[in-house]
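Okay, so here's the structure we're looking at.
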Amino acid sequence: MSCLLGHKWNGCKCVKCNQTRNEGHSFSMETGRCVEKCSICGEERDVDHKYKLVDGKAEQRCTVCGFVKNVEQHWIDTVLKEYDLMSQIDKIKEMSGKQHTLAVLAIYANNIGIRRVATDCLTNQETLAMIAKNESGSAIRQSAVRRLESQQLLEDIAQHDQDYEVRREAVERLSNQNLLDKISRSDSNEYVRFSAALRIANGQAILAQLVKTSKDYSIRGMAIDELTDQELLADLVKNAPNSYDRSAIIAKISDASLLNEIAQNDMSTEVRLKAAKTATTNDSSTNAVPDSKELEKRTRTINAVLDSHSDKETRLALVNRITDKSILFEIALMASSWLDAGVVDEVMKKMHEQDRIITLARKAEWAGTRIRAIHLIEDTSIVKDIAKNDMDEDVRKAAQKL
């Protein structure tokens, strides 16, 4: 009766009799539901889901309510039939504006090359994250990581991905200095540690350590190229185990007196020669360096014996003609692989001085030389020290058996 003369509407509801009408609603989204609810009368209406592809499945999941539905398999099949062919690579490369199609190809294509190309063209961060975490092909994960923006996800990948190249890619995009410092010291792969060291303030010390300890000549060379700290370089030019590394470091030394010292005292003739030439070039007035011509002659003799391209008989004949024990010592010191085994065996037959044998056991570049020298050491305490501290497991085991 109160509305005989007409309703008094507040949007969709009469304030007198509470009758409702299908107009004037005040709809707003419900949290966690794909539903809008009228704040006046409580009426609800469905809204469209916001779907994203579910990794590895022909499904879409709503990002609002979590509802899952099957993707139109026909559509996926159509995309794959048309583009999952190497002949379509050029077309795929031009699909940057079709991120959904690229996502289907990057996730579902059977051809790994197609997945890689599609991933290279992706910009959608959710799809890239999905691929970076779950793709079986490491090269494709690496491509996805290269485009990731999430520092949190990059930190996780940099620490836990099973492939070192993927971890290294993540490291090169990290900004967390504390984590980079940790990785530079603890990652199982030297290339990852190297990349982390380049991105931290105290990275020079890590690089210097790699030069001293790495068995990979490429890593050592890369680290030397990046080193600029003269104090660290001065230590390395004296103490780096590998003569080729010490020779490379000489070009970065600015201290003339240190170059003169190396030219006089390094165990490698080739290193002494390079130091002598560098010292003379940097300071033409110096007269403290050894005679370069004599060093060149000695270097040629050593290099001829260690030339792995020569036949074994020729190299052994050269060894047998050498009477200078210091040259024989240096040949054993610089031998670098099993290709020099015959030469080393012949030299060791002529090696009787304990000081030189001990030096070879500690500092010879090839582990095989160090093992051979260990068997000739008379002081058992030195053998025990090598068994504990040599960086090569085979050398340590050989020493432990004695």
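The values are calculated or read from the model by the stated rules, or taken from the named source; none is laboratory data. The structure presented is a predicted model; accordingly, all values stated were derived computationally and were not measured. Here Cβ is always computed from backbone atoms with ideal geometry, including for glycine, and neighbour counts include all displayed protein chains.
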Task: The one condition in (1) within 27 Å of GLU313 (Cβ to Cβ); (2) in contact (Cβ under 8 Å) with a residue 60 or more places away in the chain; (3) among the aliphatic types (A, V, I, L, M) that MET351 fails to fulfil - done: (2)
Task: Per-region count, the range 135-169, residues more than 20 Å from ALA118 (Cα to Cα) and aliphatic (A, V, I, L, M) - done: 4
Open item on the list: If I filter the range 348-371 down to residues being assigned to a helix (DSSP H, G or I) and of a type in the set (Lys, Arg), which single residue comes out as farthest from the chain's Cα centre (by Cα)?
Closed with: LYS349
Task: Filter result (within 23 Å of ASN110 (Cβ to Cβ) and hydroxyl-bearing (Ser, Thr, Tyr)) within the range 131-168 - done: SER136, SER138, SER143
Open item on the list: Among the numbered criteria (1) part of a strand (DSSP E or B); (2) at pLDDT below 85, which one does SER28 miss?
Closed with: (2)
